[in-house]
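The values are calculated or read from the model by the stated rules, or taken from the named source; none is laboratory data. Bear in mind that the values here come from a model prediction, so they are computed numbers and not experimental data. Positions of Cβ are generated from backbone atoms using ideal geometry, with glycine treated the same way; all protein chains shown enter the neighbour counts. Only protein heavy atoms, including side chains, enter the accessible area calculation; ligands, DNA and RNA are left aside. Shrake-Rupley method; radii C 1.70, N 1.55, O 1.52, S 1.80 Å.
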Amino acid sequence: MSSGTLLSALVLACIAMVLGAAALWRRRRTKGGGGRQVWLMLALAAVLAINIAFWVVPSADGTA
């Protein structure tokens with residue numbers, strides 16, 4: 001598996017976590033419960049985004 005494929009999968013997973021958290025938040029407002037799962041999904045999306053940034057953002061010497 002190439003690094004481009006892996007980064008694409010991580011970006012899609014990050015987007016899916018944010019969209020899933022938003023959907024769960026909307027359902028939680030109407031039916032109640034699920035608050036912890038929303039925050040955990042958003043925390044996981046943040047960790048994924050930070051990992052993607054570590055791989056993509058170049059360092060001082062210009063290598064990513």
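Which condition breaks for THR30 when tested against (1) in contact (Cβ under 8 Å) with a residue 24 or more places away in the chain; (2) open to solvent by 60 Å² or more (accessible area, probe 1.4 Å); (3) among the β-branched types (Val, Ile, Thr)?
That leaves (1) as the condition not met.
With among the hydrophobic types (A, V, I, L, M, F, W, C), open to solvent by 70 Å² or more (accessible area, probe 1.4 Å) and either assigned to a helix (DSSP H, G or I) or touching a residue at least 12 places away in the same chain (Cβ under 8 Å) (or both) as the only criterion, which of LEU12, LEU42, LEU7 stands out?
LEU12
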